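To start, the structure itself, in structure tokens.
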Amino acid sequence: LFDACNEEGYYCDWIGPATIDTAAMNDTMERGIIAKADAIITQGVIDEQLVKQAKENNIPVVLVDNDMPASARTAFFGKNFTQQAELLLADIEKRMGEDEPIIMAIQVAEESFPIAAQQIEEIEKVFLKHRGGFEIVDVTSSKSDKVRARKEWVSTFEKYENVNVSISLASESVESCYESAKELHKSDNMLIYGVDDMPITLDFIKEGKIDGSVVTSFYQYGYEGVRILYEYVTTGRKPEHIETNLIIVDKDNINHYRELNDGK
């Protein structure tokens with residue numbers, strides 16, 4: 001975001017709550033509208049009426065991560081959740097085979113968000129292909145808080161001792177997952193996956209603490225989001241949906257991935 005703005009000479013600001021707080025996000029969005037921002041990029045978990053209000057004030061809005069197709073948003077930038085689930089299944093089967101039953105626990109940022117339900121739904125559909133069968137025994141919410149994330153993972157692992165695959169769909173919670181599993185002496189008997197390429201996640205992959213992470217480019221979210229909004233403001237061109245590239249980063253490609261993304 002800042003790179004794109006600096007290259008073109010735009011002023012941009014990055015503001016909002018540090019944890020999941022939709023009320024605070026709505027407040028930030030409302031202040032942006034009142035301040036007559038030229039354009040807004042935000043996660044699609046805000047009040048749909050604020051997107052409509054922005055449009056009424058000639059402020060285009062790009063949503064990321066979670067879409068609200070019926071809203072007045074200008075464009076949506078997000079993952080293909082089917083592809084994400086397929087990448088996870090392929091990697092799990094590579095490591096544990098096709099006949100081992102999968103006993104899975106999942107942690108999301110907020111269970112009530114549509115983005116959480118959509119990701120879990122695609123996992124359920126795709127993992128039906130697994131010959132050994134699978135079961136999701138627990139789904140918890142981190143609320144984007146590491147203390148809560150760890151508490152929830154400990155509770156899950158104590159309650160469901162046979163979990164052999166854990167997936168953190170909240171980017172900050174994979175660290176808490178590993179630490180909880182290690183504390184309970186389960187980390188060596190479980191595949192641990194995260195999403196996104198936070199520095200600690202990449203470090204954990206390199207150190208062999210977790211098995212992999214499905215990553216997309218948040219740099220692309222910001223950079224391309226600015227480009228899309230500028231093009232819309234200047235030409236009126238309105239893209240409908242732009243999918244980002246997805247890959248699994250693991251110990252085999254972590255060094256190459258970091259080289260490609262160095263400085264971004």
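Okay, here's what the table says:
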| quantity | calculated |
| --- | --- |
| Long-range neighbours under 8 Å by Cβ, at least six apart or interchain, first residue within 17 Å of SER168 (Cα to Cα) within the range 117-143, second open to solvent by 10 Å² or more (accessible area, probe 1.4 Å) and aromatic (Phe, Trp, Tyr) | GLN118/PHE81; GLN119/PHE81; GLU121/PHE81; GLU122/PHE81; PHE127/PHE134; VAL137/TYR160; ASP138/TYR160 |
| Number of positions in the range 91-118 that are within 19 Å of the chain's Cα centre (by Cα), surrounded by fewer than 20 Cβ atoms within 10 Å (Cβ to Cβ) and not charged (D, E, K, R) | 5 |
| Residues (in a helix (DSSP H, G or I) and among the acidic types (Asp, Glu)) located in the range 77-127 | GLU86, ASP91, GLU93, GLU121, GLU122, GLU124 |
| Single condition ILE46 does not satisfy, out of (1) touching a Pro at 6+ places or on another chain (Cβ under 7 Å); (2) under 25 Å from THR216 (Cα atoms) | (1) |
| Flag for GLU259 being charged (D, E, K, R), farther than 27 Å from MET104 by Cα and surrounded by 19 or more Cβ atoms within 10 Å (Cβ to Cβ) | no |
| Residue under evaluation VAL139, criteria (1) aliphatic (A, V, I, L, M); (2) open to solvent by less than 30 Å² (accessible area, probe 1.4 Å); (3) out of contact with any Leu (no Cβ under 7 Å at 6 or more places or on another chain), criterion not met | (2) |
| Condition check for ALA72: open to solvent by less than 20 Å² (accessible area, probe 1.4 Å) and over 15 Å from MET25 (Cβ atoms) | no |
| Candidate set from the range 199-218 (those that are part of a loop (DSSP other than H, G, I, E, B) and small (Gly, Ala, Ser)); member that is surrounded by the fewest Cβ atoms within 10 Å (Cβ to Cβ) | GLY208 |
| The listed residue being under 22 Å from VAL249 (Cα atoms) and either in contact with a Lys or Arg (Cβ under 6 Å, 6 or more places away or on another chain) or not acidic (Asp, Glu) (or both), out of ILE106, ILE136 | ILE106 |
| Filter result (assigned to a helix (DSSP H, G or I), of a type outside the set (Ser, Thr, Tyr) and surrounded by fewer than 23 Cβ atoms within 10 Å (Cβ to Cβ)) within the range 158-198 | GLU158, LYS159, GLU175, GLU179, LYS182, GLU183, ASP188, ASN189 |
| Pair list, Cβ < 9 Å and 6+ apart or interchain, from the range 173-185 residues that are under 14 Å from GLU158 (Cβ atoms) and touching a residue at least 40 places away in the same chain (Cβ under 8 Å) to residues that are part of a helix (DSSP H, G or I) and open to solvent by 50 Å² or more (accessible area, probe 1.4 Å) | CYS177/ARG150 |
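The values are calculated or read from the model by the stated rules, or taken from the named source; none is laboratory data. Computed from a predicted model, the values in this text were never measured in an experiment. As a convention, Cβ positions derive from the backbone with ideal geometry for all residues, glycine included, and neighbour counts pool all protein chains shown. Just the protein is used for accessible areas: all its heavy atoms, side chains included, with ligands, DNA and RNA removed. Shrake-Rupley method; radii C 1.70, N 1.55, O 1.52, S 1.80 Å.
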